[in-house]
Amino acid sequence: MRHWTILGIETSCDETAAAVVCGGPPGPGQILSNVVFSQLEEHRPYGGVVPEIAARAHVELLDEIVERALAEAGLGLSEVDAVAATAGPGLIGGVMVGLVTAKALALAAGKPLIAVNHLEGHGFSARLSDGAEFPYLLLLVSGGHCQLLGVEGPGKFRLYGTTIDDAAGEAFDKTAKLLGLPYPGGPRIEVLAREGNPNRYPLPRPMKGREGADFSFSGLKTAVRQLTLEQEVDTADLCASFQAAVIDILIDRSKAAIAMFRRDFPDCETPAFVVGGGVAANGAIRSALADLSAFEGFAFTVPPVRLCTDNAAMIAWAGVERAALGLFDPLDAPARARWPLYPDEAA
Ligand code: KG4
Ligand code: ZN
């Protein structure tokens, strides 16, 4: 099997990242470097990511981050096989910075370009880390997305469920903001929840038990807001109660999607449940999903935390998967603010 060495670039949100990864499908791959600069401090005063500030920071940082990724890998640009960059979905200013930089590098070095869907990057991380075999059921939980998908390969996804309002990470971030906790809220809520009583505040579980596998989180956030208006809340208890509600919702919807996956792939002898995206960094969520998988007879794979939150190694790896199929892109490949993983989603 041919091995590919790919330089990956990620700039779709508030992480400026570059990485070099080597390997071939189904993985695991070798991460030669994985440089991530988080712009947290730039955005913290605003309580969320400010697109214009993010784009400017990417412009200022990216050249040096790419140089460091190549240096740490011990390679020159001429030694990589292709340059992969996130081409969407994401904050368009940042996406353009990364994609245009990748195009310039590809052109200057005479290497092919690979325009990567950021969600495909998250979705294939478990192949980079553990060599997960297609097909698998994927729960993609990040700041911008919450989806359950059947995954068969690059560009081959079937949708089982998606959020009808907020993403799971967004629910964490908005709830944290209501409680006066700093951005990003997910990690902070997880820490506080460890000290709290998850049964203290009864919170709703929107969509639980409904047909299909769609999610909804906005009612949960509204219930938290209502509580904070009505009474003096105990922050740790509320964090624990909130996180318990999110876990309940994720488990219920994943269970429904497991049944759908089984129907679609009746011959899959060793079905697997794979998780990706920043919210998969949450230890309580990981262990609840691991228990569900064991109960359902699914192998469970979740990448290490540094490959769950935004990074460029996952973009380089998506590049490996695409290069192995000869899926390269022209130098006029567009940057896209919206870019659904499956053709029938409204763009
Ligand atoms: O995948 P990601 O880094 O960026 C996007 O593509 O959105 O995900 C970021 C999201 C944020 O909403 C953040 O609060 C959430 O992931 N997150 C967590 C944890 N770590 C990050 N949520 C819950 N618990 C965590 N430990
Ligand atoms: Zn992401």
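The values are calculated or read from the model by the stated rules, or taken from the named source; none is laboratory data. Quantities reported herein were computed from a predicted structural model and do not represent experimental measurements. Here Cβ is always computed from backbone atoms with ideal geometry, including for glycine, and neighbour counts include all displayed protein chains. These accessible areas exclude ligands, DNA and RNA; they are computed on the full protein's heavy atoms, side chains included. Shrake-Rupley method; radii C 1.70, N 1.55, O 1.52, S 1.80 Å.
The calculated Kirkwood hydrodynamic radius for segment 135-304 is 16.2 Å, given to one decimal from all distinct C-alpha pairs.
Sequence-ordered 3J(HN,Hα) estimates for segment 50-67 from the Karplus curve with 6.51, -1.76 and 1.60 and θ = phi - 60° stand at 9, x, 5, 5, 4, 4, 5, 5, 4, 4, 5, 9, 4, 3, 5, 5, 5, 4 Hz, glycine and proline given as x. Relative contact order of the chain: 24 percent, from C-alpha pairs under 8 Å at least 6 residues apart in sequence.
Taken over segment 244-347, the alpha-carbon convex hull comes to 160 cubic angstrom per residue. Straight-line cross-link partners of K174 among the aspartates and glutamates, defined as a Cα under 16 Å from its Cα and at least 8 positions apart when in the same chain: D165, D166, E190.
Over the Cα atoms of the chain, each weighted equally, I'd like the Debye log10 I(q)/I(0) at q = 0.10, 0.11, 0.13 Å⁻¹, rounded to two decimals. Values returned for q = 0.10, 0.11, 0.13 Å⁻¹ are -0.58, -0.70, -0.97.
The portion of the accessible surface of segment 154-267 made up by carbon and sulfur, rounded to a whole percent, is 47 (1.4 Å probe; DNA, RNA and ligands excluded). Between segment 147-176 and segment 8-76, the C-alpha centres lie 23 angstrom from each other. Across segment 95-212, C-alpha contacts under 8 Å between residues 6 or more apart give a mean separation that, scaled by the residue count, equals a relative contact order of 13 percent. Looking at the chain, the DSSP beta bridges with both ends there are about 60 percent antiparallel. For GluC sites (Glu not before Pro), the sites in segment 209-311 that DSSP calls loop and that have at most 12 other Cβ atoms within 10 Å are E211, E232, E269. Note on segment 134-211: Cα convex hull, mean projected area over all directions, 6.9 nm².
Once the 1.4 Å probe is applied to the protein heavy atoms, the chain comes out at 41 Å² accessible per residue.
Expressed per residue, the C-alpha convex hull volume of segment 7-142 stands at 104 Å³.
Among the listed pairs K156/K221; K103/K177; K156/K255; K103/K221, those whose Cα-Cα separation exceeds 31 Å are K156/K221; K103/K177; K103/K221.
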